[in-house]
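K.L.:
Once you've had a glance at the structure underneath, I'll fire off some questions.
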C-alpha cells in the first residue's frame, strides 16, 4: 500500500496523463446527436500512435546518436504484419485477441529491425543516415512491385471487428479503438522509459557520446547499435500495428520518406535530448499537419520555418527550452521572468502575424485563390490583388521585428542576470 | 528538472485541449450555414498531386456556382466543402470522418484509385454501423476497373468510365493503317491491368496490329526516358500506347519528341494539369488522348449553350476545363434523383439513381447502370493539334476530337455482386 | 549495335547532368561534412530562376544570373544559418538543410504555382545536331555535355592551379591542419557552400528544360545525387565524375537489357514456375528494377567499401 502511494506521489503524471487522454474526447462530444466526434478520435489516436513512433525514433536519434531516414520502413512493415494477422484471425486461421494485434506489429518490426539493422548498423553517423535512406527508398519501391505481401498501391485492407476481444469489446466504434490506443501508448512509453535505464540503454548513450571510449571499456559499439536498432524496430512496429487497427488499411504511404520525416520533425522539435521531448513534438506536429493544413495552403512552410528556427536557436527542442529554466527555478526566481516574457509576447505575436499575413497573401495570390475560399480576417474579405494588405503585412512585420529585437535584448540581459544569480546563490544540498 | 518537464507536459495537454477547441469551433463554423446541401470534396490540395487537386477544385466550384444560379437542388444551394487529403490514404479517411461528423451526405473524390478503394471500404463500414449519418461516394475520376467489379459497393457511384472501358475506346480509336504498337505502363496494379487490357482488346478488335514490345516502368522513379525511347525506336513501333500519368507521361513524351523519331502517342492523361505544357509545340499532331470531354467538343457539335458554359470557366480562371462533363453530370444526377424522391436522404437518392437516365449538358445520353453503379457515357478520342478553337494551357495546340464512342457502344459486362441495404 | 550506341549517348548525357549536380554536393560534403539535403532544391530554384529570367531577358543571361542568385542564397544560408548550427554538430547542420529544403519546396509552389513551368530550350539550340541510326541527337544535349565538361575542367583547374583551390584542397583532406596554418576556414566554407549551390543552380538552368521544371523535381532528383556522392567517395572530384557516369550508364543500360534472374537460372537449367517461392522476385526483369539499382549500389558501397570509388576518407 505504502509502495503504491509512494509510486503515485512520484509518478502522478502517468495516471493523470492517461485520465486526461481519456477525458479529452468528451470535450468534443456532440451532445445534440449523442456521439463522439470521429475526427477528433482519429486525430487523437494518430497522436497516440505517432507518440510511440517518435519515441522509438528517439531511441536511435536521441539515445544513440543515430540519424535514420528510413525508420518508416519498420513502422510500415510492422503495420503490414499486423494487417495480415488481422485478416488471418478474421478468416479463422488462428486465434488471437484483438488487443494483442499491435504486438504482432511489434514482432514484425523487431524481425525486420534485426534483418535491416544487421546491414545498417555496420556504420554510424552520416553513413548510417545514408544506408537507412537507401533502404527506405528500396523498401518503399518494393511495396509497389510485390503484390503478394504489400498489395500494390491499394495496400492491405482489413477489418478490426474480429470478434476475438478478451474484454468483449467489438471495436466497431472509434472510441473503443481510441481506448486501446491509449492503453498501448501508455504501455509502450513505460517500456521505453524503463529501457533507458537498462545497461543497453546506458551503453547506447555512451557510444553516442564517445564511441572510442565505449569500445575501450570492452563493449562492441556495433552490437550496442544493433540491439538498440532492433529494439526501436519493435516499438515502431507496435505503432504500426495500432495504425492498422485505427485505419483498417495499410498502404505504402506508411513506409514513405514523409512518414520518416514526420518522426524526425516530432522528435527534434520536441527535444531529442529528453525522453519526454518527442511527446511534445508529436502533439505539435500532428496538430500542425491536421489542423493548420485545413486552414492554410502553406502549412508546410510553417512547419519548415518552425523546424529551422528550432535547429538554429533551440537545438534542445521544446524540452530543452524548459530545462534551461531549471537553475532559475531552483533559486525560486521563476516569477522574475514573468514580466520579461509578457513583454516578449506582444512583439512576438506581431512579428508572427506579419509573417503569416505575407505568406498567406502570397499563397492566396498563387495557389489558393480558386478554392472558393476567400482570405478573410473577421468579417472582412481581403483581396490579394490589392496593394494595401501587402503593405500592412510588411509594416507589421518590420515593426514587430524591430520591437522584438529590442525586447529580446532586454530579455537577454535579464536572463543572464538571473542565471548569474543562480550560479552564485545555488549550493548543492 | 524532470518535475518541470512533467508540469510542462500537463500544461501542454491543456494547451492542446485549447487548440483542439479552437480547431473544433472552426470546424463547426462552416456547419453553421444551414439550408445548403453540403458536398464534401476530398482531394490532394498539397503534396505531389496538388496541381491536379487544385485545378479540379476550381472546376467544381465553377460548376456548383453555375448549378446554384440555375435552381440548385430542391430549391436549396449546393455547398462545396473542400478537404485536403495530401493524396495519402490515411488523410483521406480522416477527411471522411470529418465529413460524416458534420453529417454531410455526399463526398466527391476524383483522383487516385487507391484512395477510392480505401474510401469505399471506409464508407461501407461507416454506413453499416451509423445508419443515421450515411454518406454517398460520388466517384468522378478514380477509374480502376475493380471498383465497380470485385470491390463494387452500393454507396459508390462512378461518373467516369472505368479503365477497361477507356482501353476499349482507345483501341477502337487507333487508325486503320497502324500495324505495330509498343505498350508501356507503370509498374503497379493499375498499370499492370491496363497493359493486360490493351493486349486483350488489341487481340479482339484489331488482330491486324502486332505488339512489338511491352514494358513496365517503376512508378514515379524514372527521371530520364531516353533509353526507353531508344528501345521503342529499335522495335520499329509506329505508335506508343500508354496508360501513364503525371511526370511519367510528360517526361516520356518529351523524351520521344526530343529524339525526333516518327512515333504517335496514345494516352489517357495527356490533357491533365501540365501535360500540354510539357509536350510543347513540337507535339503537334503526335499525341492522342482518350477523354470524357474537351472544350472543342461543344463548338464541333454546334451546342452554343454548352460552349458558353465551358467558355465561362476559361475566361474566369485561364485554365482548361477538362472535367466539365464528369463533374457536372455527377452533381446533376444528385439533382435529378433528389427531385425524383423529393428528399436528400442518401439511401433514397442511391436507390433513385440506379438505372436513371440523363442527358449530359452536351445533349448525349448517359445511364447509371444498376448492376454496378457505373455510368455509361460518350467518350472522345482527341488529337493535340494546331488551329483548335480552344488551345490547351496556352500552348497554341488544342485537343481536336477525332472519334466519338457513344454510351451504348461500351456496355461491357460486370462481375459486380451488389449488396443492397433494406429500404 | 544501334541500341548500344544510342544508349551510350543517353547514358553520357544523363550522367553528366548528374555530375553537375553532384560535384557541388561533393565539394560541400567533403569539405564541411554537411550532407546538404537542400542541394536538389537549389537545382529546382536554378531551373525556376532561369525560367523567369529567360522569359524577361533571355536564356543566355539566365545562364549566368540564375546560378549567381542560387550562390548568393547559398552564401546567406551558410553565413546566417549553418555557421550557427555548426556549434551544435553535424546533425544540426544536416537538419537545418532539411528544413530549408521544406521551405524552398513550398516557396516555389507559392511563387510559381504548382503547374510545370513552360521553360523551353532556347530556339538557337532547338535543332537536331545529327541523326544516328534515325534517332536525332538534339543540339541542346551537345550543349549540356559541353557545359558540364567545361565545368569539370574549370573546377579541376581551379582546385589545382589557384591559391584558393589549393587551400580548399588542403581543407578537403586535412581541415584541422588548414585552419591551424592560419587560413580563414569559415570564409572558405562560405565560398565553397556558395559555389556548390551555384553549381546546383547551373545544373538547374541546363536540366530544367531538358527535363520538366515542376515543384516536384527536387524530390525526384535528391536521393540519386546522394548515391553519386557516396559511390564516388569523399574528397574526390574524379571519383564523383566516374560515379556520375556509372550511375547514368547503369540507369540507361538496365532499361535496355531485358533479363531477369529467371533467365539466369534457365541458363543453369532451372525453370522458374509460378509455384516456386519468390517467383515474383525471380521473374522481375532488369528494366523494371532499373531505377532502384543505384540505391542497391549505394548500400553495397557503404556496407563493404565505405570509402567509395576514389574517396580519401570514410563516408
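The values are calculated or read from the model by the stated rules, or taken from the named source; none is laboratory data. Note that the structure is a prediction, hence the values are computed from the model and not measured. Positions of Cβ are generated from backbone atoms using ideal geometry, with glycine treated the same way; all protein chains shown enter the neighbour counts.
K.L.:
Scan (1) without any contact (Cβ under 8 Å) to a residue 40 or more places away in the chain; (2) surrounded by 19 or more Cβ atoms within 10 Å (Cβ to Cβ); (3) within 8 Å of another protein chain (Cβ to nearest Cβ) for the single condition residue B:249 breaks and write down its number.
P.N.:
(3)
K.L.:
Residues in region C:118-140 that are in contact with a strand residue (DSSP E or B) (Cβ under 8 Å, 6 or more places away or on another chain), buried (at least 21 other Cβ atoms within 10 Å of the Cβ) and at the interface with another protein chain (Cβ under 8 Å from one of its Cβ atoms): how many?
P.N.:
Residues in region C:118-140 being in contact with a strand residue (DSSP E or B) (Cβ under 8 Å, 6 or more places away or on another chain), buried (at least 21 other Cβ atoms within 10 Å of the Cβ) and at the interface with another protein chain (Cβ under 8 Å from one of its Cβ atoms): 1 in total.
K.L.:
Considering only region A:348-356, I want to know if a residue exists there that is under 26 Å from the mean Cα position of the chain (by Cα), within 9 Å of another protein chain (Cβ to nearest Cβ) and part of a helix (DSSP H, G or I).
P.N.:
No, every residue in region A:348-356 fails to be under 26 Å from the mean Cα position of the chain (by Cα), within 9 Å of another protein chain (Cβ to nearest Cβ) and part of a helix (DSSP H, G or I).
K.L.:
Are any residues in region C:221-267 in contact (Cβ under 8 Å) with a residue 24 or more places away in the chain and under 19 Å from residue B:216 (Cβ atoms), and if so, which ones? Steps first, please.
P.N.:
Here is the first cut: in region C:221-267, the ones in contact (Cβ under 8 Å) with a residue 24 or more places away in the chain are C:221-260.
Matches in region C:221-267: C:250, C:251, C:252, C:253, C:254, C:255, C:256, C:257, C:258, C:259, C:260.
K.L.:
Tally up the residues in region A:300-312 that are free of Cβ contacts under 8 Å to residues at least 12 places away in the same chain and more than 8 Å from every other protein chain (Cβ to nearest Cβ), please.
P.N.:
Residues that pass the stated criteria total 1.
K.L.:
Also: Taking region A:28-45 as the region of interest, how many residues are part of a helix (DSSP H, G or I), farther than 13 Å from residue B:101 by Cβ and either facing another protein chain (nearest Cβ under 8 Å) or without any contact (Cβ under 8 Å) to a residue 12 or more places away in the chain (or both)? Working first, answer last.
P.N.:
At the first step, the residues of region A:28-45 found to be part of a helix (DSSP H, G or I) are A:28, A:38-45.
If we keep only those that are farther than 13 Å from residue B:101 by Cβ as well, we get A:44-45.
Imposing the further condition that a residue be either facing another protein chain (nearest Cβ under 8 Å) or without any contact (Cβ under 8 Å) to a residue 12 or more places away in the chain (or both) reduces the set to none.
Selection size over region A:28-45: 0.
K.L.:
Given A:350, A:377, A:357, A:367, which one is surrounded by 12 or more Cβ atoms within 10 Å (Cβ to Cβ) and at pLDDT below 75? Write out each step before concluding.
P.N.:
Working: A:350 fails: at pLDDT below 75; A:377 fails: surrounded by 12 or more Cβ atoms within 10 Å (Cβ to Cβ); A:357 fails: at pLDDT below 75.
Exactly one of A:350, A:377, A:357, A:367 is surrounded by 12 or more Cβ atoms within 10 Å (Cβ to Cβ) and at pLDDT below 75, namely A:367.
K.L.:
Can you find even one residue in region A:230-243 that is surrounded by fewer than 24 Cβ atoms within 10 Å (Cβ to Cβ), away from chain B (no Cβ under 14 Å) and assigned to a helix (DSSP H, G or I)? Give the steps one after another, and end with the answer.
P.N.:
Taking region A:230-243 and keeping what is surrounded by fewer than 24 Cβ atoms within 10 Å (Cβ to Cβ), we get A:230.
Subsequent filtering for residues that are away from chain B (no Cβ under 14 Å) retains A:230.
Retained after the next criterion (residues that are assigned to a helix (DSSP H, G or I)): A:230.
Yes; the residues of region A:230-243 include at least one that is surrounded by fewer than 24 Cβ atoms within 10 Å (Cβ to Cβ), away from chain B (no Cβ under 14 Å) and assigned to a helix (DSSP H, G or I).
K.L.:
Out of curiosity, is residue A:166 exposed (fewer than 15 other Cβ atoms within 10 Å of the Cβ) and assigned to a loop (DSSP other than H, G, I, E, B)? Let's see the steps before the verdict.
P.N.:
Details: exposed (fewer than 15 other Cβ atoms within 10 Å of the Cβ): yes; assigned to a loop (DSSP other than H, G, I, E, B): yes.
Taking the combined requirement at face value, the residue satisfies it.
K.L.:
Given the options C:153, C:149, name the one that is touching a residue at least 60 places away in the same chain (Cβ under 8 Å), within 18 Å of the chain's Cα centre (by Cα) and surrounded by fewer than 18 Cβ atoms within 10 Å (Cβ to Cβ). Steps first, please.
P.N.:
Values: C:153 fails: touching a residue at least 60 places away in the same chain (Cβ under 8 Å).
Of C:153, C:149, the one residue that is touching a residue at least 60 places away in the same chain (Cβ under 8 Å), within 18 Å of the chain's Cα centre (by Cα) and surrounded by fewer than 18 Cβ atoms within 10 Å (Cβ to Cβ) is C:149.
K.L.:
Within region B:162-208, take every residue that is assigned to a loop (DSSP other than H, G, I, E, B) and crowded, with 19+ Cβ neighbours inside 10 Å and give me the one that is farthest from the chain's Cα centre (by Cα). Working first, answer last.
P.N.:
Start the filter on region B:162-208 by keeping residues that are assigned to a loop (DSSP other than H, G, I, E, B), which leaves B:162, B:173-179, B:187-188, B:206-208.
From the residues that got through so far, the ones that are crowded, with 19+ Cβ neighbours inside 10 Å too are B:162, B:173-174, B:187-188.
On the way: B:162: 10, B:173: 21, B:174: 23, B:187: 20, B:188: 18 Å.
Per the stated criteria, the residue is B:174.
K.L.:
Which condition from (1) in contact with a strand residue (DSSP E or B) (Cβ under 8 Å, 6 or more places away or on another chain); (2) more than 26 Å from residue B:50 (Cα to Cα); (3) crowded, with 24+ Cβ neighbours inside 10 Å is the one that residue C:213 breaks?
P.N.:
If we test residue C:213 against (1) in contact with a strand residue (DSSP E or B) (Cβ under 8 Å, 6 or more places away or on another chain); (2) more than 26 Å from residue B:50 (Cα to Cα); (3) crowded, with 24+ Cβ neighbours inside 10 Å, just (2) comes out false.
K.L.:
Pull up region C:97-117, narrow it to residues that are facing chain A (nearest Cβ under 7 Å) and not in a helix (DSSP H, G or I), then point me to the one that is surrounded by the fewest Cβ atoms within 10 Å (Cβ to Cβ).
P.N.:
Among them, the one singled out is C:113.
One line per residue, one yes/no per condition, for (1) within 13 Å of chain B (Cβ to nearest Cβ); (2) in a helix (DSSP H, G or I); (3) buried (at least 20 other Cβ atoms within 10 Å of the Cβ):
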site	(1), (2), (3)
A:4	no, yes, no
A:7	no, yes, no
A:17	yes, yes, no
A:93	no, no, no
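K.L.:
Identify the residue in region C:203-223 that is outside any helix (DSSP H, G or I) and facing another protein chain (nearest Cβ under 7 Å) and, among all such residues, is nearest to residue B:273 (Cα to Cα).
P.N.:
As a first pass, look at region C:203-223 and keep what is outside any helix (DSSP H, G or I): C:211-216.
Narrowing further to those that are facing another protein chain (nearest Cβ under 7 Å): C:211-212, C:214, C:216.
On the way: C:211: 16, C:212: 13, C:214: 11, C:216: 14 Å.
By that ranking, first place goes to C:214.
K.L.:
OK, next. Can you pull out the helices (runs of 4 or more DSSP H) entirely within region C:224-315 that have at least 2 residues that are away from chain B (no Cβ under 14 Å) and at pLDDT 85 or above? Working first, answer last.
P.N.:
Working: elements: C:237-256, C:261-267, C:279-282, C:286-289, C:293-304.
Where helices (runs of 4 or more DSSP H) fall fully within region C:224-315 and carry at least 2 residues being away from chain B (no Cβ under 14 Å) and at pLDDT 85 or above, they are C:237-256, C:293-304.
K.L.:
If you don't mind, another one. Considering only region B:222-242, state which residues are part of a loop (DSSP other than H, G, I, E, B), at pLDDT below 90 and surrounded by 21 or more Cβ atoms within 10 Å (Cβ to Cβ).
P.N.:
B:222, B:224, B:225
K.L.:
Here is a check on your reading of the model: is residue C:88 under 30 Å from residue C:179 (Cα atoms) and surrounded by 17 or more Cβ atoms within 10 Å (Cβ to Cβ)?
P.N.:
Details: under 30 Å from residue C:179 (Cα atoms): yes; surrounded by 17 or more Cβ atoms within 10 Å (Cβ to Cβ): no.
Answer is no for this residue.
K.L.:
To continue, here is another question. Would you mind stating whether residue A:85 is in contact with a helix residue (DSSP H, G or I) (Cβ under 8 Å, 6 or more places away or on another chain), outside any loop (DSSP other than H, G, I, E, B), more than 27 Å from residue C:225 (Cβ to Cβ) and more than 14 Å from chain B (Cβ to nearest Cβ)?
P.N.:
On the way: in contact with a helix residue (DSSP H, G or I) (Cβ under 8 Å, 6 or more places away or on another chain): yes; outside any loop (DSSP other than H, G, I, E, B): yes; more than 27 Å from residue C:225 (Cβ to Cβ): yes; more than 14 Å from chain B (Cβ to nearest Cβ): yes.
It is true that residue A:85 is in contact with a helix residue (DSSP H, G or I) (Cβ under 8 Å, 6 or more places away or on another chain), outside any loop (DSSP other than H, G, I, E, B), more than 27 Å from residue C:225 (Cβ to Cβ) and more than 14 Å from chain B (Cβ to nearest Cβ).
K.L.:
Counting only residues that are within 14 Å of chain B (Cβ to nearest Cβ) and either in contact with a helix residue (DSSP H, G or I) (Cβ under 6 Å, 6 or more places away or on another chain) or buried (at least 17 other Cβ atoms within 10 Å of the Cβ) (or both), how many does region A:120-147 have?
P.N.:
Here is the first cut: in region A:120-147, the residues within 14 Å of chain B (Cβ to nearest Cβ) are A:134, A:136-147.
Keeping just the survivors that are either in contact with a helix residue (DSSP H, G or I) (Cβ under 6 Å, 6 or more places away or on another chain) or buried (at least 17 other Cβ atoms within 10 Å of the Cβ) (or both) gives A:134, A:136-146.
Number of matching residues: 12.
K.L.:
Check region A:122-136 and report whether any residue there is touching a strand residue (DSSP E or B) at 6+ places or on another chain (Cβ under 9 Å) and not in a helix (DSSP H, G or I). Can you show your working first?
P.N.:
In the first step, residues of region A:122-136 are kept if they are touching a strand residue (DSSP E or B) at 6+ places or on another chain (Cβ under 9 Å); the result is none.
No: zero hits.
K.L.:
Shifting gears a bit: So which residues in region B:213-222 are more than 7 Å from chain C (Cβ to nearest Cβ) and over 14 Å from residue B:242 (Cα atoms), if there are any at all?
P.N.:
Scanning region B:213-222 gives a single hit, B:220.
K.L.:
In the set A:282, A:251, which member is modelled with pLDDT of 90 or more and within 14 Å of chain B (Cβ to nearest Cβ)?
P.N.:
Values: A:251 fails: modelled with pLDDT of 90 or more.
When all the criteria are applied, what remains is A:282.
K.L.:
Only residues that are in a helix (DSSP H, G or I) and touching a helix residue (DSSP H, G or I) at 6+ places or on another chain (Cβ under 6 Å): list them for region A:95-111, please. Write out each step before concluding.
P.N.:
We begin by selecting, within region A:95-111, every residue in a helix (DSSP H, G or I); these are A:98-111.
Correct list: A:101, A:102, A:104, A:105, A:106, A:108, A:109, A:110.
K.L.:
Any residue in region A:192-209 that is within 11 Å of residue A:99 (Cα to Cα), modelled with pLDDT under 90, crowded, with 18+ Cβ neighbours inside 10 Å and more than 24 Å from the chain's Cα centre (by Cα)?
P.N.:
Step one: of region A:192-209, the residues within 11 Å of residue A:99 (Cα to Cα) are none.
No, region A:192-209 has no match at all.
K.L.:
Residue A:187 versus (1) under 30 Å from residue A:25 (Cα atoms); (2) surrounded by fewer than 23 Cβ atoms within 10 Å (Cβ to Cβ); (3) within 12 Å of chain B (Cβ to nearest Cβ): which is the lone unmet condition?
P.N.:
Tallying (1) under 30 Å from residue A:25 (Cα atoms); (2) surrounded by fewer than 23 Cβ atoms within 10 Å (Cβ to Cβ); (3) within 12 Å of chain B (Cβ to nearest Cβ), residue A:187 fails exactly one: (3).
K.L.:
Does residue B:321 satisfy the condition of being modelled with pLDDT under 95, surrounded by fewer than 22 Cβ atoms within 10 Å (Cβ to Cβ) and more than 20 Å from residue B:149 (Cβ to Cβ)?
P.N.:
Values: modelled with pLDDT under 95: yes; surrounded by fewer than 22 Cβ atoms within 10 Å (Cβ to Cβ): no; more than 20 Å from residue B:149 (Cβ to Cβ): yes.
Here the answer is no, as residue B:321 does not meet what is asked.
K.L.:
Go through A:335, A:324 for me and flag whichever is within 30 Å of residue C:84 (Cα to Cα) and either modelled with pLDDT of 75 or more or within 14 Å of chain C (Cβ to nearest Cβ) (or both). Before the answer, list the steps.
P.N.:
On the way: A:335 fails: within 30 Å of residue C:84 (Cα to Cα).
Every option except A:324 fails the conditions.
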